[in-house]
Amino acid sequence: MRTIEAELYERLSKVIDPELGRSITDVGMIAAIEAKTAGRAGFRETSEVSSDAAGDADLADSADVYDVTVRVELTVKDCPLSQTITNQINGAVTSYPHATLIPHIEVSSMSRDKLADLVAGLKAERRQNPFNKPGITTRIFAIASGKGGVGKSSVAANLAATFAALGYDTAAIDADIYGFSLPKLFGVHTQPTNLNGMLMPVTAWGVKMISIGMFAGSERAILWRGPRLQRSLEQFLADVWWGSPDVLLLDLAPGTGDMAISVAQALPNAELVVVTTPQSSASDVAVRSGLVALQVPMKVRGVVENMSYFDHSGERLRLFGEGGGARVSQQLTDALGTDVPLLTQLPLQPEIREIGEAGRPAVLTPEGALDSSPLAQSFEALAKRLMS
């Protein structure tokens with residue numbers, strides 16, 4: 001029979017580090033497990049197993065009670081998700097079926113050498129942008145608009161939150177370097193964790209994300225162009241540990257500038273989603289953001305018409321006119337020679353702004369579940385259509 005420590009080590013192998021997306025045993029976070037009998041004195045004194053070995057001895061039966069010490073080494077001191085990891089370890093120990101175990105979790109941080117070895121191993125696995133390798137299964141959607149003020153970032157944030165609420169492993173890059181919005185819309189006030197030069201994305205509302213707005217001094221105006229702007233995207237892709245997300249969304253800057261071209265070059269499998277509002281002044285410009293596909297290898301997945309209508313006292317008001325989304329859809333279909341559908345028409349709702357500015361995507365309940373509102377239903381339908 002295997003020892004309690006060996007059984008626990010196997011159970012802890014199913015605990016996943018939320019940042020790395022790897023088992024805490026695989027990345028060396030479990031330094032040791034020690035079980036000491038707290039009942040049936042004389043049956044067994046102590047036994048210990050490190051992360052490198054697990055001995056053989058008889059398991060106690062269900063009548064035994066043990067004090068179990070688990071020594072955990074986190075990747076960095078004061079890891080923001082240490083409590084989440086500790087709770088999962090506690091759960092794995094207390095749910096052990098063959099004896100009563102009383103957990104004692106001792107938390108410290110990895111030595112500099114151990115952390116360096118871990119990061120070197122992770123970098124060796126990836127070495128470069130992980131999203132343009134053959135066989136990648138991540139669906140990548142670049143959210144674009146011809147002009148600012150059409151709610152592109154709000155669409156990106158709520159769509160990302162919807163994907164996460166539907167159970168997809170979801171990542172988001174705020175590629176709007178000049179007008180970054182995602183940190184505020186997700187209520188993020190922390191910086192990414194730095195593991196010896198490798199960044200861990202910040203997770204909020206189930207979405208892993210990175211933004212220039214998360215870094216010190218980011219409130220200053222950014223005047224990057226050309227190579228430096230492209231390098232910022234490369235760093236977001238290659239220097240951040242994303243794991244293997246099901247979905248990656250990019251909130252692009254308005255227009256057809258350097259970043260849109262950089263995305264197409266770095267992520268040739270990305271699909272463009274064009275956001276517009278109904279009026280012709282917005283829809284005419286939106287067409288240009290879709291026509292970037294004529295210059296670079298990028299598929300245009302479809303059009304989202306935002307602020308399409310406002311329901312008031314039983315009446316549906318078209319405050320910004322109508323037909324913009326359909327016009328963009330038709331013009332892009334004609335120009336590109338492929339079907340570019342109107343994916344959805346989203347309402348104008350003050351709640352989207354009010355809830356979003358408070359740091360929660362409007363499609364979610366305060367508990368983080370997908371809301372039952374018409375808005376949430378529209379985004380759910382949009383997410384499912386994009387993944388079909």
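When Pro278, Pro297 are checked against the criterion of being over 24 Å from Pro374 (Cβ atoms), in a loop (DSSP other than H, G, I, E, B), in contact (Cβ under 8 Å) with a residue 24 or more places away in the chain and not charged (D, E, K, R), Pro297 stands alone in meeting it. Asp284 falls short on exactly one of the conditions (1) open to solvent by 30 Å² or more (accessible area, probe 1.4 Å); (2) farther than 25 Å from Met209 by Cβ; (3) outside any helix (DSSP H, G or I), and that condition is (3). Considering Gly290, Gly302, the condition of being farther than 17 Å from Ala383 by Cα and open to solvent by less than 10 Å² (accessible area, probe 1.4 Å) is satisfied by Gly290 alone.
Over 24 Å from Arg301 (Cα atoms) and surrounded by 15 or more Cβ atoms within 10 Å (Cβ to Cβ): is that true of Gly325 in this structure? Here the answer is no, as Gly325 does not meet what is asked. Scanning region 349-368 for residues that are part of a loop (DSSP other than H, G, I, E, B), open to solvent by less than 50 Å² (accessible area, probe 1.4 Å) and touching a residue at least 24 places away in the same chain (Cβ under 8 Å) gives Gly359, Pro361, Ala362, Val363, Gly368. Evaluate the following for Gly148: is it open to solvent by 20 Å² or more (accessible area, probe 1.4 Å), within 30 Å of Asp284 (Cα to Cα), more than 15 Å from the chain's Cα centre (by Cα) and not polar (S, T, N, Q)? Considered against the rule, which asks whether it is open to solvent by 20 Å² or more (accessible area, probe 1.4 Å), within 30 Å of Asp284 (Cα to Cα), more than 15 Å from the chain's Cα centre (by Cα) and not polar (S, T, N, Q), Gly148 comes out as yes. For region 163-175, the set of residues classified as in contact with a Pro (Cβ under 8 Å, 6 or more places away or on another chain) and over 13 Å from Asp246 (Cα atoms) consists of Asp174 only. Residues that are under 18 Å from Asn196 (Cβ atoms) and part of a loop (DSSP other than H, G, I, E, B) were ranked within region 82-127; the one that is least open to solvent (accessible area, probe 1.4 Å) is Met110. Checked against (1) at pLDDT below 85; (2) under 30 Å from Met387 (Cα atoms); (3) in a strand (DSSP E or B), Ile136 passes all but a single condition, namely (3). If I ask for residues that are at pLDDT 70 or above, open to solvent by 10 Å² or more (accessible area, probe 1.4 Å) and of a type in the set (D, E, K, R), which ones from region 245-266 would you list? Correct list: Asp246 only.
The values are calculated or read from the model by the stated rules, or taken from the named source; none is laboratory data. The structure presented is a predicted model; accordingly, all values stated were derived computationally and were not measured. So basically every Cβ, Gly included, is an ideal-geometry build from the backbone, and we count neighbours across all protein chains shown. Areas reflect the complete protein model, heavy atoms only, side chains present, ligands, DNA and RNA absent. Shrake-Rupley method; radii C 1.70, N 1.55, O 1.52, S 1.80 Å.
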